[in-house]
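Here the structure is laid out as structure tokens; the discussion comes afterwards.
The values are calculated or read from the model by the stated rules, or taken from the named source; none is laboratory data. Just so you know, these numbers come straight off a predicted model, no measurement behind them. As a convention, Cβ positions derive from the backbone with ideal geometry for all residues, glycine included, and neighbour counts pool all protein chains shown. Note: accessible area is taken over every heavy atom of the protein model, side chains too, but ligands, DNA and RNA are not part of it. Shrake-Rupley method; radii C 1.70, N 1.55, O 1.52, S 1.80 Å.
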Amino acid sequence: DTPGVTRDRIYGESEWCGRSFVVIDTGGIEPKTDNILLKQMRMQAQIAIETADVLIFLCDIRAGLTADDRDIAVMLKKSGKPVIIAVNKIDQIGAPPLDFYEFYELGFERDPIALSSAHGSGTGDLLDAICSVLPAPDASDEEDDSIKVAVIGKPNAGKSSLINRITGQERVIVSDMPGTTRDAIDTHFESQYGGRYNIIDTAGIRRKR
């Protein structure tokens, strides 16, 4: 329940109605902030927006339609990508509450989808909507034969900085604050000397208390 648990881009594979695709979880976007960590989270989310084929704009029915939601909607519209609004935390059975219809004000082409991540209701409708706008499958997709390399160490040893240096991109958030990396983060990388790798950044390991 703590805000900001997800910070980097987290990748997972999914399949629905015979279509396979990768889902990218991102840290929450704070459109206006001076906090260095929140700025880096926003940058990681922006990279995900640029690389994705479909965008799911997840909103919170309990918070209602906020000014930040409107700012994020503007950001997503500028991307030119298909956007699906999913209004989360609608946990009751039956028709959605009246507050749900506020999200039509964001002005996207597709109707919002009522969703409960906790109970799973609405996820079928969301997956149907995703598959309806996915690009045609690429016949040239190859099976992943990359070498998997895990980077392990105590907190703040510099694991994320090393991965950013190897890949030549700001793939993972780097901070002096111990515990910045909280998930196992996959980074696919092709070496100029040959070979494909999946470098896995991990959260720091502490001695048992």
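What the Cβ-Cβ distance of GLU170 and ASP99 gives, at R0 = 35 Å and to the nearest 0.05, is a FRET efficiency of 0.40. Rounded to the nearest 10 square angstrom, ILE56 shows an accessible area of 80 square angstrom against a 1.4 Å probe.
A Förster distance of 35 Å, applied to the separation of the beta-carbon atoms of ASP53 and ASN156, puts the FRET efficiency at 0.45.
Within segment 107-125, find all residues whose amide N lies under 20 Å from a label point positioned 7 Å from the Cα of GLU15 along Cα-to-beta-carbon. Only 123-125 pass the distance filter.
Residue by residue, segment 105-120 carries 3J(HN,Hα) couplings of 4, 5, x, 8, 5, 9, 5, x, 10, 6, 9, 10, 5, 5, 9, x Hz when phi is fed to the Karplus relation 6.51 cos²θ - 1.76 cosθ + 1.60 (θ = phi - 60°); x denotes Gly or Pro. What the Cβ-Cβ distance of SER121 and LYS81 gives, at R0 = 25 Å and to the nearest 0.05, is a FRET efficiency of 0.45.
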